[in-house]
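Report on one structure; see the data block that follows.
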Amino acid sequence: MTAAVFFGCAFIAFGPALALYVFTIATDPLRVTFLIAGAFFWLVSLLLPSVFRYLVRIIAENRDGPIQKYLLIFRVLLSVCIQELFRLAYYRLRASEGLKSINPEETAPSMRLLAYVSGLGFGIMSGVFSFVNTLSDSLGPGTVGIHGDSPQFFLNSAFMTLVIILLHVFWGIVFFDGCEKKKWYILLMVLLTHLLVSTQVSVVTVLSVLAELKCRGLSGRFQPNEGHIHGK
Amino acid sequence: MLTFMASDSEEEVCDERTSLMSAESPTSRSCQEGRPGPEDGENMAQWRSQDSEEDCEEDPDGYACSRGPGRPPGLEEELTLKYGAKHVIMLFVPVTLCMIVVVATIKSVRFYTEKNGQLIYTPFTEDTPSVGQRLLNSVLNTLIMISVIVVMTIFLVVLYKYRCYKFIHGWLILSSLMLLFLFTYIYLGEVLKTYNVAMDYPTLFLAVWNFGAVGMVCIHWKGPLVLQQAYLIMISALMALVFIKYLPEWSAWVILGAISVYDLVAVLCPKGPLRMLVETAQERNEPIFPALIYSSAMVWTVGMAKLDPSSQGALQLPYDPEMGGVKLGLGDFIFYSVLVGKAAAAGNGDWNTTLACFIAILIGLCLTLLLLAVFKKALPALPISITFGLIFYFSTDNLVRPFMDTLASHQLYI
């Protein structure tokens, strides 16, 4: 896998986010701080479902097959819910403490700007965490799709990462707007769309699991877009 | 490094140099000096904002730089708060750069992840059959390392109290010589080996000589601010790489934890060695040692680079908040980079752990700056960042990483 794949996928996935950062955030130190804080909140929101997974693993130790898949999907749902919870927490924190302790003289950044920055922080962290290991694998040796899976694994992942980053930005803006205007159904919409996006692949997985259960005798290893990467 | 406040000639030089370093007040002494070697691994990692009046800031090697009095506290407070975010960024950038250098080296140059023995400060080996024994050995290693650091600090305090400036002076020069020449030579050798590039000895000599000589001049004497900052970042990265290579696994983590606790104690307790150092310096109204601190003075006016006495005139300017900057001890750089480097080295090629530690450290730095804006005195920069870093390292490595790996292979995005 060549440098072309690496750079191509890297720029597909992170190009817009980088452009957004360079042109809107890098100029103002306060925004950079908020971005890093947003990234931190996302990170913390990731820890909790992982703890849950650890506990569950002790319970459902060696049972392969559909159980693991269902558990995975459940973990995904849980982590999405917790992420949105942390987005709410971030909003509460920003709204309550305000920015007075950091920047009293200059005009406080508007809530919409904060929403954008926090969404970008969440998005960048989410995208990076999802994709950076795949990216670094793409520099190593191996052949994608050698076992008959899609050879477009990297490209798909890159586009999905791009989509997720931008979605987080939009969700952040919509979410904060909903919080400001106290329209709670907006929050619900954000949560539902997030769940939809995160599970849209796993919906296919669930369907395929069901098909497998029906057909019996097939090995439980097929996922539609999985690429086999050797060399790590 | 060439200036201690004791002698007249040195005073002059320091004034000239401080006119180069900081345009804030005639008595400001933000000097960046040479660096002791690894045996001086103290990490009195305090830092302060240049805006504040009597803060003293100390670098991890026990050197502090005190600033003279001379500005109304109210003004400072306002300005400190106002430029809080700017200061945060002024520190984010060098800390990030240092970490990037360390992580890039760790990921590409195999030398720094190979185990080739241990430092004399960590004599107990970790190749033991049982977990309990290994834990015990790492705790013992930590105790020895911390006691070495404490002893060095007290030694420095004693030297300072009895005004043995030349001794300290010479020590610092020797240490920075070793860092800038020997460690750079080793580093360059390993990088060339990794990329299989041949370099003849004359070229190597020229390169290392130029790098080292310019570094000595910049750090110990006069030089452009950006170059000084770059050199300080480089030597912090080199030190961090040495620690990453020679500290055994578990000992490194326990040492990181212990050093944050020590930092907290030494800076904040009334009887802490650093506090005593700071108080002595304040009594004498002079900088403690040629400090090894990273200074991020923001504005660098054109006339400052010249060595003419007329630049002294700039020192008489009223306090200009634009000139403000923050200082962070180099030991903080080093230990942050050690944490992130260890995360990068141990992660089985995993970048998530490294990134998580990086974000955790930056957030810790942010919080420390917030506390600084509230308390307005010298604060230890290590505890919060290292605590967050450790928490995130262990939780990401054990809990998050398998989860993210599964997600990535199933192309699930959360």
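A few remarks follow.
- Carbon plus sulfur fraction of accessible area for region B:147-293, probe 1.4 Å, in percent: 75
- Rule-of-thumb Rg ratio for region B:83-195 [Cα; 2.2 N^0.38 Å; N residues]: 1.44
- The phi torsions of region B:381-392, fed into the Karplus equation with coefficients 6.51, -1.76 and 1.60 and a -60° offset, translate into couplings of 8, 7, x, 5, 4, 5, 4, 4, x, 5, 4, 5 Hz, rounded to whole numbers, with Gly and Pro shown as x.
- Total buried accessible area between A and B, probe 1.4 Å, nearest 100: 4100 Å².
- Here the label points at A:Gln68 and B:Leu192, each 7 Å from Cα along the C-beta direction, are separated by 4.9 nm in the simple model.
- Among the trypsin sites (Lys or Arg not before Pro) in region B:85-142, those placed in a DSSP loop whose Cβ has at most 11 other Cβ atoms within 10 Å are B:Lys115.
- Placing a pseudo-label 7 Å from each Cα along the Cα-to-Cβ vector at A:Leu139 and B:Glu279 gives an inter-label distance of 5.2 nm.
- Inter-label distance, nm, simple model (7 Å from Cα along the C-beta direction), B:Val217/A:Ala3: 3.4
- Most to least accessible of B:Phe124, A:Phe175 (protein chains only, probe 1.4 Å): B:Phe124, A:Phe175
- Accessible area (Å², per residue) of region B:104-154, counting only protein heavy atoms and a probe of 1.4 Å: 56
- Anisotropy class of region B:188-242 from Cα gyration tensor, a/c 1.5 cut: oblate
- Spatially proximal lysines relative to B:Lys271 (Cα-Cα < 27 Å; intrachain offsets below 8 disregarded): B:Lys161, B:Lys166, B:Lys327, B:Lys376, B:Lys377
- Here the calculated FRET efficiency for A:Ala26 and A:Val56, from their Cβ-Cβ distance with R0 = 60 Å, stands at 0.90, rounded to the nearest 0.05.
- Residues whose placed amide H lies under 5 Å from that of B:Leu379, excluding near-sequence neighbours: B:Trp47
- Subtracting the Cα-Cα distance of B:Met178 and B:Leu159 from 0.36 nm times their residue separation leaves 4.6 nm of extension gain.
- Per-pair calculated FRET efficiency, R0 = 22 Å: B:Val374 and B:Val261 via Cβ, rounded to 0.05: 0.50
- Ranked packing of B:254-261, B:142-149, most packed first, by mean Cβ within 10 Å: B:254-261, B:142-149
- In summary, the lysines within cross-link reach of B:Lys342, defined as a Cα separation below 16 angstrom excluding same-chain residues under 8 places away, comprise B:Lys107, B:Lys115, B:Lys245.
- B:His169 - accessible surface, heavy atoms, 1.4 Å probe, Å² rounded to 10: 30
- In summary, the lysines within cross-link reach of A:Lys214, defined as a Cα separation below 27 angstrom excluding same-chain residues under 8 places away, comprise A:Lys69.
- Between region B:361-414 and region B:230-278, the C-alpha centres lie 18 angstrom from each other.
- Label point at B:Lys115 placed 7 Å out along Cα→Cβ; residues across region B:387-414 whose backbone nitrogen lies under 18 Å: none
- What the Cβ-Cβ distance of A:Ala95 and A:Tyr185 gives, at R0 = 30 Å and to the nearest 0.05, is a FRET efficiency of 0.95.
- Long-range amide H partners of B:Gly329 with built H, under 5 Å: B:Gln46, B:Tyr294
- Placing a label point 7 Å from the Cα of A:Leu155 along the Cα-to-Cβ line, the residues of region A:115-148 whose backbone N sits under 20 Å from it are A:131-132, A:134-140, A:142-148.
- Gyration tensor verdict on region B:164-300 (Cα atoms; rounded if a/c is under 1.5, prolate if a/b is larger than b/c, oblate otherwise): oblate
The values are calculated or read from the model by the stated rules, or taken from the named source; none is laboratory data. Quick caveat, the model's predicted, so the values are computed rather than measured. All Cβ positions, even for glycine, are placed from backbone atoms using ideal geometry, and neighbour counts span all protein chains on display. With ligands, DNA and RNA removed, areas are computed over all heavy atoms of the protein, side chains included. Shrake-Rupley method; radii C 1.70, N 1.55, O 1.52, S 1.80 Å.
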